[in-house]
Structure formats: C-alpha cells, structure tokens
Amino acid sequence: MKEDANVDEKERDRLKGEKERWERETLGPTLEAMPERKERFETVSGREVDRLAGPWDLDGFDYQRDLGFPGEYPFTRGVHSTMYRGRQWTIRQFMGFGDPDESNKRLKFLIEQGAPGLNVAYDMPTIHGLDSDHALAHGEVGRDGVPCDSFEDMERLFEGIPLAKVSTSLVIAHPPIPSMYFALARKQGLDFTKLQGTFQNDTFCRDVAANVRVLPRRAELKLCTDVVEYCTLNVPRWYPISIVGYQIREKGCTAAQELAFTLSEGIDFVTSFLDRGLDIDSFGPRLTFMWNSHNDFFEEIAKFRAARRVWARIMKERFGAKDPRSMMVRFHTQTAGCSLTAQQPLNNIVRATIQALAAILGGTQSLHTDAFDEALALPTEESLKIAVRTQQILAEESGVANTVDPMGGSYYVEKLTADMEEEALDYIRRIDEMGGMLEAVEQGYVQREVARAAWRYQKDVESGKQVIVGVNKYVDEGEPPLELLKITQEMEDEQKARIARLKERRDGSKMIEALEKIREAAERGENLFETTMDAVEAYATLEEVWDVYRAHYGTFKESSVLVESV
C-alpha cells in the first residue's frame, strides 16, 4: 500500500507538470486569441470554479475511505448497492389546498398519474396550531396547504385511500397531526408495525427558515422527541423525523450552509433522542433528510454526496452507531421553489428538470418536482401532471437510472464533494463550539449567516451578475396570463361551519377529560403522544390540543437578529 501511494504521488506530480505544459503550449495561445467569457466563474453559492479538474485536485484521495462501494460505508456512492437498477426513486409530490375533500381528490389524482408517494402540506393556521375559525386564520385557510382542524378532517383527507397500502409523508411537526393519522389507522384496525411513511417533525426548519414558532424552542424539541420515541417503540417502519435543509436553502443560504446547518440540526436531534434513553441503533435507521435541489447542477450533486459521507462519519465516530443503516442518509428532494419565476413561467419546467436530474444523480430516495406555475399559485392538475411526467421521463427514457452513481470518479465532482465536506465541517465545528444548533439559533448566528448569503445572491441578481432567464436577461413584454388555481372564500366558510357542527355533536365531557389527561402528562414530564391521540379521537380540535400545550409550556417570544449590510 505504501509503494502504491508513492506511485500515485509521483504520477500526480507528473500530471501537474503536464498541466503546466498544457497551460503554456495550448491554453495560453487560445486565451490570447479568445479570452474567456468571465474573469471568474462561480457556482450559484459563489464558490470559484477552476477551469479544469484533474488528479492534481485530489491529493490524499483514497477510493475505499472516501468513496467506497454503493450500499457500504461511507455511502458516498449511495445507500443501496443497486440504487435505481433495483428500485426507482419514489415520486412524492407535495400537495394540499382548499379543504380536506378537495385535497383528497388531488391525492387520488396523483396516485392515478403514477405518483404513489403521498406528501401532504398543511396550511399556515394548522401549522401554527390554530383552527380555521380563529380570527388570525381569516383569509389563510387552505391557501397554501390543507386545513386539518380535527380528526374528522383527517378522515376526510384520506377517505378511500388504504393507509396499509400507501407510504404517506405529513409535512408538519409535533404530536397533534401525526396522532390524528395514527388514530385513523387505529380506527381502520391496522397493524401499526406495518404502517409506512414519514413525519417531517423538524422544529429547526420551521423556526429558522419559515419563522414558524408556537412554543419556546426547547419545548418544541421536547415534543419532536415525543414523536420519535413513540414511533421508535410502536411504529417501527415509520420515519418519525425528516431533518430538513430545504426551507433554509429557500431562505437564501448557500449549498454548503444548507449541508452544514442541516447536519448540525441532526446532531442536536440525535442528542435529544439519546437523552430520552433511546438507543442510537433503534432510531438511527429511521432518520431521514430533505434537501433542496437548486440551479447549479454539479454543486447540488456534490452536496448530496458529501451529506452521505459526513453524516456516516458523525453517526459512527461521534455517536458510536454500530448498525450501518444508522449511518445512512436517506433523503427526499424537492426542486428549488425559490428558483421559480413568475415571468415566462414555462421556463420553470426546464429548471425543475435540471434540478430533478441533479437530485437523481445525487442519489435521492424520493423526489418532488415543482410545477411551472408555483411562483404564482398552487399548481393546477395540468401543471402538476407535467411535473409528474418530468420525473417519469427521466426515469423511463433518459437512461440515468441504469447505472449506480455515474458521477463517481469525475474529477470535478469529487473535488466539489471534498470542498463541500470541508466547508460544512468547518461550520459544524463552529456550531459545536457554541453549544450546538439550538444555541447557535438562539444566538442568531445561523440567521445572520443565511441573511448574508441571501443578500449577496440578491445583489448578484440585481446587478445582472447572476443571470435569471426571463427576469434580468432575455426579458419578454406582455406575456399571456395563465389559468391559475383559485381557492374560494366559500371553502374557508364551509370549513369554519364544520368546526361548529363538530363541537355541537361531540361528547364534550369526554373531550374535556382527554384534554385534562394531556395537561396531567405534561405536568409529569411524560411523552404526550398517546394522550394527544386519545384527545383527537375524542374530537378535540387542533387548537384545543395546542392550547393545552401553550398553557403548560408558554409561547415563543421573538427576538430581533440584526445583520450588517454586506
């Protein structure tokens, strides 16, 4: 091995010399005759891109240590040995609008179109723990997700959909909505050990990126841990948390920041689960991640590959995981909503295709492709069908699913992957020194870093340095209007009326007793998942359950984070 390493080093030195000769004899005359288009080439994140990558960029690179084989540590080349040759990624489109009945129709439409991975978005009142008839919910009900005010709404949402035969993702955190889903499974007489799906359940992504906070941060982390503990002990095939980088990227951070901040979240989550007394290899195999796939094709592929390698080493070396499944980054990808443009919206089909291809070549397990009209409204059936067909064409016609990790061994991709890893580890070290992700967020460090990156990117767009086709270059005037999805006020009014009717016919004393049991369990510091499930089965509304939480834990108090101009 030592001799081989010396030979490799000598060969790299020889190639470096050859590169210098090429620069003198071939490149130099070309540049004199025709200078390059830019003085500096950069990724979307502002990382400088060298003219040519080669073995000279990979000093110290070790195939077995840094790449390995698919399905084996450190999983750089993928978490499965056959990847898409064995099973294609799951088409999992993010969906929810109007009311539970309309969303139920859309879920069935997606299944009919060949997108079997259900992925439910909830509206802002639901995410904030408010019923649709709350004063603050006016005008927001069903506008950006489905309202779910009670167990009755969960029944409406999944009417006619066999929970035992689908994999469902619920994009929401904390026990109330997840407990409604499991209560529905219990009502259908299903075996919890066979249920499959995912709860997003990530408090950090809601906090830093979406500015959604209901309770103090530590209380929300406690409730997140309640969900993970309940699922680990009772629903072993369920993924109880998806550690999310998507939203923070939407807020404007770089690819390396998305990677670092998400993995730092993961470290805090794992620490919380271990502090609860769970074994690393009991919940480790059921952790998932969600990433954004942005415009820079190679940078995104490198990010996905670096994520697998860094997380594998964190779980093995920091937390002592023994089960290889605990070291895997299984992930869902959504194409970048922040890259969609209202101008020339059909261009968004091309953007989503490139971003989806990067996710596939990066080894995603499931994928959402944004519809072309989503910069203007929630998608219509027609735009959603095109988004689904985009994935199906990539899967069935492009050939990208025929070989495992076709990007592996590309000098440029391997260099980018190593650079991404190095930058992410530097951020993780800094966050560790602050006491972890929660402390870094409370100190405003993460928010400042994201704001600076977003400001730099926006300045580049406004100056024209960062080209956005149809926005600051190749602009058209007088574009024809699109037919957009409309959410009517009548839907909101009917949703409010349903709450009133529910409260009239439910057993009020049974409901109050169930809420009191949540309060008592909270006082004792217990896991609140089971008592919350009992309460929703008694048709306590979402807001009534959250009011018990708020009364015990208090509410979040915002503090300002100041960012100097860049």
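The values are calculated or read from the model by the stated rules, or taken from the named source; none is laboratory data. From a predicted model like this one, the values you see are computed outputs, not experimental measurements. Cβ: placed from backbone, ideal geometry, glycine included. Neighbour counts: every protein chain shown.
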- Restricting region 13-58 to residues that are at pLDDT 95 or above and among the aromatic types (Phe, Trp, Tyr), which is surrounded by the most Cβ atoms within 10 Å (Cβ to Cβ)? Trp22
- Filtering region 151-168 down to residues that are in a strand (DSSP E or B) and either over 26 Å from the mean Cα position of the chain (by Cα) or of a type in the set (Gly, Ala, Ser) (or both) yields Ser167
- Message: From the list Leu376, Leu367, exactly one residue is at pLDDT 95 or above, crowded, with 23+ Cβ neighbours inside 10 Å, not acidic (Asp, Glu) and not in a helix (DSSP H, G or I). Which is it?
- Response: Leu367
- Answer yes or no: is there a residue in region 188-198 that is free of Cβ contacts under 8 Å to residues at least 40 places away in the same chain and either in a helix (DSSP H, G or I) or buried (at least 21 other Cβ atoms within 10 Å of the Cβ) (or both). no
- Item | Enumeration of residues in region 494-526 that are part of a loop (DSSP other than H, G, I, E, B) and under 29 Å from Asp99 (Cβ atoms) | Arg506, Asp507
- Task: Taking the residues in region 442-473 that are free of Cβ contacts under 8 Å to residues at least 24 places away in the same chain and in a loop (DSSP other than H, G, I, E, B) as candidates, determine which candidate is surrounded by the most Cβ atoms within 10 Å (Cβ to Cβ).
- Result: Asn472
- From the list Asp123, Asp133, which one is under 17 Å from Gln200 (Cα atoms) and of a type in the set (Asp, Glu)? Asp123
- Query: Within region 131-148, restricting attention to residues that are more than 12 Å from Gln495 (Cβ to Cβ) and within 24 Å of the chain's Cα centre (by Cα), which residue is surrounded by the fewest Cβ atoms within 10 Å (Cβ to Cβ)?
  - Reply: Asp144
- Task: Please work out if Asp534 is modelled with pLDDT of 95 or more, crowded, with 17+ Cβ neighbours inside 10 Å and at negative phi.
- Result: yes
- Which one is surrounded by the fewest Cβ atoms within 10 Å (Cβ to Cβ) among residues in region 205-252 that are in a helix (DSSP H, G or I) and of a type in the set (Ser, Thr, Tyr)? Thr232
- Task: Provide a single number: the residues in region 388-441 that are in a helix (DSSP H, G or I), more than 22 Å from the chain's Cα centre (by Cα), closer than 21 Å to Gln355 by Cβ and hydroxyl-bearing (Ser, Thr, Tyr).
- Result: 1
